[in-house]
Amino acid sequence: ICRKNVMNKQYQGKEKKKALVDTQTSSLWLQKSLPKKMIWDDAIEYTPGLRVAGCSDWRLPTIQEIKTLLEGHLNENVKNGAEPPWKYLNRIGFKNIPAYRFWSSTQYGRSYALGVNMTDGVVDDFFQGDQYYVLVVRYNR
């Protein structure tokens, strides 16, 4: 359950700026990444237990959701002069997003999952036993 508060801009603050609504995709993103890096299995298990911004159905985003969030700020765009993903997210209302790797929920083989490097926008497969940061999303029903 979550209280709605959709605004006109693509990314709008919600619930005392704990979350941002993407009005183009109807996704609700936590404004800050989880405070510590974690292995992929822990990230998958941890996110459904979050209770933030009046919502209780948070999850790790798919790689496609991350790509959509970062549209215009992925590797090819950054190579051509676009703002790197971490700077872009911090500019549009996210808070304290580090220039580091972030997990997605999308598995790649048995021991890998896809993620994005916020420094340069490279989408790559990462070993699930490594520790990276986590963005959290839900559908804004």
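Just so you know, all these numbers are worked out from the coordinates, no wet-lab data involved. Predicted model, so just to flag it, every value in this text is computed and none were measured. Neighbour counts are summed over all protein chains in view; Cβ atoms, including those assigned to glycine, are modelled from backbone coordinates with ideal geometry.
Taking the Cα centre of the chain as origin and charging only Cβ (+1 Lys, Arg; -1 Asp, Glu), how large is the dipole, in debye to the nearest 20?
That gives the chain a dipole magnitude of about 820 debye.
Tell me the mean residue ellipticity at 222 nm calculated for the chain from its helices only (DSSP H runs of n ≥ 4, each -39500 (n - 2.57), averaged over every residue, nearest 500). Numbers along the way, then the final one.
Working: 4 runs with 27 residues, N = 141.
After summing the helix terms and dividing by the residues of the chain, the value is -4500 deg cm²/dmol.
Among the aspartates and glutamates, select those whose C-alpha is under 16 Å from the C-alpha of Lys18, and discard any that sit fewer than 8 residues away in the same chain.
Asp57
Based only on the alpha carbon positions, what is the Kirkwood hydrodynamic radius of the chain, in angstrom?
Values: mean 1/r = 0.0665 Å⁻¹.
Mean inverse Cα-Cα distance, inverted, gives 15.0 Å.
Which trypsin sites (Lys or Arg not before Pro) in the stretch 82-135 pass both tests, a DSSP loop state and at most 11 other beta-carbon atoms within 10 Å?
Arg110
Of Gln24, Val78, Ile44, whose Cα points farthest to the positive end of the dipole of the chain (charges on the beta-carbon: +1 Lys, Arg; -1 Asp, Glu; origin at the Cα centre)?
Gln24
Taking a quarter of the surface of the convex hull around the Cα atoms of the stretch 57-139, what do you get in nm²?
So the mean shadow area of the Cα hull is 5.5 nm².
Compute the relative contact order of the stretch 50-141 as a whole-number percentage, counting only Cα pairs closer than 8 Å that sit 6 or more residues apart in sequence.
Relative contact order, the stretch 50-141: 30 percent.
Need the list of aspartates and glutamates near Lys67 for cross-linking: C-alpha distance under 15 angstrom, and skip anything on the same chain fewer than eight residues off.
The qualifying aspartates and glutamates are Asp22, Glu76, Glu83, Asp120, Asp124, Asp125.
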